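*Asks:* Can you read through this structure? Questions will come right after.
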Amino acid sequence: MNAVSATPDLANLQRIAVKVFVATDSTITARDVIPVFHRWIQTGAVNGLPIDVANYSHLPTGPCVLLVGHEGHYVLDRTEGRLGVQYNRKQPLEGGLADRLLSITRHVVRAARLLEADASLSTPVRFLGNEVEIVAQDRLLAPNSDETLVEFRPALDPLLTRWSGNTDWTVSRQSGPRAPFRVAAVTKGTDTLENVETRLFESSNC
């Protein structure tokens, strides 16, 4: 087994996942999401080439339902007991790390907004507009270290500024040598994901 490098190489990092969280006064289930994901495949509702839906709702933690795609997966996820929607990018994106991070975040926010607007759900769902989680899924390029966080911030900070409009954020890294590089960003401000979507897509043709 190859040893994990202690030196980050974020310029080449492509496999990134971004997650937004369901509000505490809201919920959504695998039973709700499975037909929605199938409909997204049929209607081309999300970017990329969606292929199939996989149900992992029997697992106590981690992914519940995957919309498997060529470029990346849309996931109803409950890692560490926190329910949310994640976009897990698999294929390379052009541009620098900040550009790639913005693109992936747009994907997951757009998917969450589709769920918020979906009248077929058993109950309406609402996502938090003041919290986001980013996971680097390549331990060789992004070891879970303070050094990686320092090098990651120049790409992360412009995203957070665009997300909230210059609100102060608290950024923390999940520790543990076996854990992937995972960053949680939280702001005390309250906002809707609808407003976040508007800011993320300003001056964009995406």
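*Asks:* Among the candidates 61, 105, which residue alone is open to solvent by 40 Å² or more (accessible area, probe 1.4 Å) and polar (S, T, N, Q)?
*Replies:* Exactly one of 61, 105 is open to solvent by 40 Å² or more (accessible area, probe 1.4 Å) and polar (S, T, N, Q), namely 61.
*Asks:* Would you list the strands (runs of 3 or more DSSP E) that sit entirely within segment 120-206 and hold 2 or more residues that are under 18 Å from the mean Cα position of the chain (by Cα), farther than 22 Å from residue 72 by Cβ and not β-branched (Val, Ile, Thr)? Give the derivation first.
*Replies:* Values: elements: 131-136, 169-173, 181-187.
Output list reads 169-173.
*Asks:* Right, next: Kindly establish whether residue 61 is without any contact (Cβ under 8 Å) to a residue 24 or more places away in the chain, touching an Asp or Glu at 6+ places or on another chain (Cβ under 9 Å), of a type outside the set (D, E, K, R) and outside any strand (DSSP E or B).
*Replies:* Criteria met by residue 61.
*Asks:* Could you figure out which of (1) basic (Lys, Arg); (2) in contact with a strand residue (DSSP E or B) (Cβ under 9 Å, 6 or more places away or on another chain); (3) over 23 Å from residue 200 (Cα atoms); (4) modelled with pLDDT of 95 or more isn't true of residue 39?
*Replies:* Failing condition for residue 39: (2).
*Asks:* Considering segment 152-167 alone, what residues qualify as being in contact (Cβ under 8 Å) with a residue 60 or more places away in the chain and surrounded by fewer than 18 Cβ atoms within 10 Å (Cβ to Cβ)?
*Replies:* Quick first cut of segment 152-167, residues in contact (Cβ under 8 Å) with a residue 60 or more places away in the chain only: 152, 155, 158-159, 162.
Correct list: 158, 162.
*Asks:* If I ask for residues that are of a type in the set (Val, Ile, Thr), farther than 23 Å from residue 117 by Cβ and loosely packed, with under 15 Cβ neighbours inside 10 Å, which ones from segment 187-206 would you list?
*Replies:* Across segment 187-206, there are no qualifying residues.
*Asks:* Of all the residues that make up segment 67-99, how many are hydrophobic (A, V, I, L, M, F, W, C), within 15 Å of residue 29 (Cβ to Cβ) and in a strand (DSSP E or B)?
*Replies:* So the answer is 3.
*Asks:* Quick check on my filter: what residues within segment 28-49 are part of a loop (DSSP other than H, G, I, E, B), out of contact with any helix residue (DSSP H, G or I) (no Cβ under 7 Å at 6 or more places or on another chain) and open to solvent by 70 Å² or more (accessible area, probe 1.4 Å)?
*Replies:* Within segment 28-49, just 49 meets the criteria.
The values are calculated or read from the model by the stated rules, or taken from the named source; none is laboratory data. What you see is a predicted model, and the numbers here were worked out from it, not measured in a lab. All Cβ positions, glycine included, derive from the backbone under ideal geometry; neighbour counts span all protein chains shown. Protein only, heavy atoms only, side chains kept; ligands, DNA and RNA dropped before computing areas. Shrake-Rupley method; radii C 1.70, N 1.55, O 1.52, S 1.80 Å.
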